[in-house]
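J.: Below: one structure in structure tokens.
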Amino acid sequence: MMIRNSTLVALLASSIAAPAMAGEKEDLLALKDEIANERKELLKLKNTAVNLIDVFVQQGMLDKSKAEGLIKAAEAKATIESKAPIAQEAAIAAPVAAGAGAIAATGAGKAKSIQVEYVPEFVKDEIREQVRSELKADVVKEVKAEAKTEKWGIPAALPEWVNKIKISGDIRIRGQDDFYSNANPKQSDLTNPYWDFLAINRDGGNKAAREKNEEILNTSNDRLAIRERIRLAIDAQITDGVKAGFRFSTSNISNPVSIDQKLGNTGQSFDFVIDRAFLQYDYERPNNNKSFSLYAGRIANPWMSTDLVYDQDLSFEGFAGTFRLGFNQNDPALKNYQAPPATSQGRAGINLGPQTPNTVFATLGVFPLQEVNLSTADKWLFGGQLGADWLVRKDSRLKVAAAYYDFDNVRAKPNPRNSFEYDWTAPQFIQKGNSMVPINVNDGFNSRCPASQSELGCLYGLAYDFKVFNVNAMYDFAGFKFAHILFSADYAKNFGYDGARVAREFPGALPAANTKDKTNAFQVRLDVGADEIRKFNDWTTFVAYRYIEQDAVMDAFNDSVFHLGGTNAKGWVIGANYGLAKNTFLGFRWLTSDVVDKQDNQPFSVDSAVLDLNARF
């Protein structure tokens, strides 16, 4: 609240020069009355502000000690601000006073008066209105800021546990149109089809699945599907460092890499399930370079990864821990850096992993995949990852990580004649691409696989073990004001391949072409735009090339959209997202893919156009 210097100088000059004027007494008295009125207005506004704070205290919206602190802070601020203009105005007034004294002396000697202009009424009104508006704005601004920071009214009006609960969610409507190449095998061609092994296992054999029209995959008929995904998450801060959470979502129950619900079920209700349920413990102390997080239950993906290996909708069941050792923690750029979320819909398919710049991190995980009845040979995933996260410059980061994923007891074992001992080695879920061999063979002696069900086999499993080494790197460059540039590269290699064992245990089960080592996969991707779509006009775009050989990764867990899921695929993906409103955006992807290795020289090419309308809260 500052009175303009020019006005003060005019007032000060008139008060000093007035003794040289005739009738200065009346002017001084008038000016004195004006100053008294201004003081009255100031006191009135001050008392109004104090009374307002007292009302907040009486209503329980503001703690008394905080109110007293607010008043003292305001008084201290006013004292500091009032001294500066007084000193400045005194410096301006000194030469004016000297000049006025000289004028008065000259006038006395010559008995001649000097006329000084009277301060107009509108100037006084301007001063008054300026004082009122600036004081009101300052008071309202400070009260609002304090109320927002301290959450006035909420602690007193609501139970304590409400402030420890966070509710969030999102909804997505997706349209996906799949276009198959005319060179693909037709549905009527049963010479060398692409088998739907998941349906064959479910139905009890090739012939049984054929009778239900489920034996082979669709490779020729274009399809348009509309799907919806709804997620609602509730997170609770139990105590310092301890957090619990669960998430409801739509689901098709049996598919771990898609929680979409198809529209077009004759009005039947959606399946709504618990997609995540976990406990989390975080340890971190100020000025301590060591920290860690522990997770238990059904949790989000804990690895730095891409959908080359793990689909973005995949949840992990079990236990994981991430340990972090910091370096260069006093870097000023680090103190001002705001890390983006580990996953975002604007960068779908990329999981940045631990978001702790300037650290070396290690993540360990143990996850049961399938509990096997009457057996100690349950299926497990054991994983470990070591990486580094470096804030290279302001808002620009380099992350590198190497991981090893050991899928235990997942490969098929052949049943002895007329036995079902190893039926459990059949996977509960697969997409397509991995090499498959028959666990039960129709050899004329197996009562569980009679000719009435299958000419080939009744139950199939994975031919090889999966011991996957994965290394990826991501560089997020924020040197441009208009956009982030994220470059990512991912490579995977399966060391579980053993062609000699498959030939020995399943003689003749695989074509000669399928007994070769096809265990490499890689992806390169470039994202340009916002790190997350938050508001209108936010945008991002990306392009990626992907190459996945047949047994490089588990086809059950990787991307469910590219090549309609699974492995043995190569091709391009381009996409863009655009913010329509706050927390509302439109996304589009075009995916074009072909097989890496043709099955019996049969091609399989498919292009997909995916349009998503997303909203979150």
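Since every read-out is calculated from the coordinates, none of them should be taken as a lab result. In this text, all values refer to a predicted model and were calculated from it rather than measured experimentally. All Cβ positions, glycine included, derive from the backbone under ideal geometry; neighbour counts span all protein chains shown.
J.: Hey, what did region 428-494 get for relative contact order, percent, Cα under 8 Å, at least 6 apart?
T.: Values: 87 pairs, mean separation 17.1, N = 67.
With pairs under 8 Å counted, the relative contact order is 26 percent.
J.: Sticking with this one: Once R0 is set to 51 Å, what does the formula 1/(1 + (r/R0)^6) return for the Cβ-Cβ distance between GLU284 and TRP572, expressed as a FRET efficiency to the nearest 0.05?
T.: Values: r = 41 Å, r/R0 = 0.81.
Plugging the Cβ-Cβ distance into 1/(1 + (r/R0)^6) gives 0.80.
J.: Going by amide H atoms built from the backbone, whose H comes under 5 Å of the H on LYS518, apart from near neighbours?
T.: It is ASP551, by chain and number.
J.: What does the highest-first list of 296-305, 476-485 look like by mean Cβ count within 10 Å? Let's see the in-between values first.
T.: Details: 296-305: 20.7, 476-485: 14.1.
Going from most to least packed, we get 296-305, 476-485.
J.: For region 308-409, what relative contact order do you get, as a whole percent, if you take Cα pairs closer than 8 Å and at least 6 residues apart? If you can, show how the numbers build up before the last one.
T.: On the way: 174 pairs, mean separation 26.1, N = 102.
Dividing the mean separation by the residue count of region 308-409 yields 26 percent.
J.: Residues in region 586-616 near a label at TYR547, defined as backbone nitrogen under 19 Å from the 7 Å Cα→Cβ point?
T.: Answer for region 586-616: 592-599, 604-606.
J.: Quickly rank 163-169, 492-498 as a protection proxy: mean count of other C-beta atoms within 10 Å, highest first. The partial results should precede the final answer.
T.: Numbers: 163-169: 12.0, 492-498: 19.1.
In descending order of packing, they fall as 492-498, 163-169.
J.: If I model a spin label as a point 7 Å beyond the Cα along the Cα-Cβ vector, how far apart are those points for SER447 and ARG616 in nm?
T.: About 5.7 nm, to one decimal.
J.: Just to confirm the filter: which trypsin sites (Lys or Arg not before Pro) across region 396-459 are DSSP coil and have at most 14 other Cβ within 10 angstrom of their Cβ?
T.: Loop-located and lightly packed - ARG417.
J.: Give LYS399/LYS582; LYS212/LYS570; LYS467/LYS570; LYS335/LYS535; LYS399/LYS493 a once-over and call out the pairs whose C-alpha atoms are over 27 Å from each other. Walk me through the numbers before you get to the answer.
T.: Working: LYS399/LYS582 30 Å; LYS212/LYS570 31 Å; LYS467/LYS570 22 Å; LYS335/LYS535 25 Å; LYS399/LYS493 20 Å.
Too far apart for the 27 Å limit: LYS399/LYS582; LYS212/LYS570.
J.: Give me the distance in nm between label points sitting 7 Å out from Cα along the Cα-to-Cβ direction at ASP378 and ALA473, one decimal.
T.: Using points 7 Å along Cα→Cβ, the separation is 3.9 nm.
J.: Still on this model: To the nearest 0.05, how large is the calculated FRET efficiency for GLU68 and LEU364 if R₀ is 35 Å and r is the Cβ-Cβ distance? Walk me through the numbers before you get to the answer.
T.: Numbers: r = 52 Å, r/R0 = 1.48.
Computed FRET efficiency for GLU68 and LEU364: 0.10.
J.: Additional query: If each residue's Cβ is checked for other Cβ atoms within 10 Å, how do VAL528, VAL606 rank with the fewest at the top?
T.: On the way: VAL528 18, VAL606 24.
Least crowded to most crowded, the residues run VAL528, VAL606.
J.: Another one. How far, in nm, would the chain grow between ASP597 and PHE420 when pulled straight, counting 0.36 nm per residue and subtracting the alpha carbon separation? Provide the component values of the computation, followed by the final result.
T.: Working: separation 177, 0.36 × 177 = 63.72 nm, distance 3.25 nm.
In short, 60.5 nm is gained.
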